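Read the structure below first, then the notes.
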Ligand code: SAH
């Protein structure tokens, strides 16, 4: 074996060994780069959001054939015509609701479970609803393996989760034509909801809804593209 081959072999073995150590993660470097270049560099400065994005193993939330793109600056297909949102959008939606450790948060559109995992790192309790049973089941399996503060329900999220509410914040990750009234109803006084509103398949507006004195105000934040908010028949 030449010296160069020996060194190359040695380094390879070292990296393999490192990645199989408890807590070792071959994607840790990509994840740090994602946070620095896609999230911090674009103005997200909410420390708990940045820390959560650096901890959650996004590659475990995408199908095996997408894992090598897990930390890329874009959404990825997760099957059943659905997508996991772009990392920046997940960070933006998390920061904007200003999640606090004591919060109870409702998410509509579990999908891969990634946004729910980011929230679970920060807040006390996450409730998340998915309409596609297969996605709900696999996200539930992974979320229960990693966290003990997430509940997943397979249902039409239009109706929210009344028994678990009211919520400090609601995050909707599918584009609705209008804001579902039950969701406003289940928001606490002073609570915030972030929701993409507009025509499915076109660009929508990401809206921030705030509930005060039983009324609500809305503010358009930026144009986005989300998969449609579906209704069960
Ligand atoms: N938050 C997800 C993004 C998934 S895309 C993630 O981090 O991966 C949006 C998801 O919303 C899809 O999985 C879609 O099936 C789901 N969805 C659409 N309409 C819904 C509804 N009415 N109730 C619950 N989930 C819905």
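Values as computed for the structure displayed
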read-out	value
For region 44-131: span of alpha carbons on each principal axis (Å, largest first)	36, 29, 17
27, 127, 201, 92 arranged by Cβ crowding within 10 Å, fewest neighbours leading	201, 27, 92, 127
Percent of Cα pairs exceeding the 29 Å cut-off, where the set is region 26-224	15 percent
Residue 151-residue 218 pseudo-label distance in nm [points 7 Å out on the Cα-to-Cβ vector]	2.9 nm
Degrees separating the helix 133-146 axis from the principal Cα axis of the chain, which is the longest one	60 degrees
Zone of residue 178's modelled label, taken as backbone nitrogen in region 188-228 under 13 Å from a point 7 Å along Cα→Cβ	198
Pairwise centroid distance, computed over Cα atoms, of region 169-233 with region 21-76, Å	26 Å
Sorted by Cβ density within 10 Å, fewest first, the residues 231, 214	214, 231
Angle in degrees between helix 87-96 and the longest Cα principal axis of the chain, rounded to the nearest 10	40 degrees
Contour minus Cα-Cα distance for residue 98 and residue 42 (0.36 nm per residue)	18.4 nm
Order of 213, 112, 140, 199 - criterion: other Cβ atoms within 10 Å of each residue's Cβ, fewest first	213, 199, 140, 112
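The numbers here are math on the coordinates, done by the rules we state, and not lab data. Just so it is clear, the structure is predicted and the values come from calculations on it, not from any experiment. With ideal geometry, Cβ positions are generated from the backbone for all residues, glycine too; neighbour counts draw on all protein chains shown.
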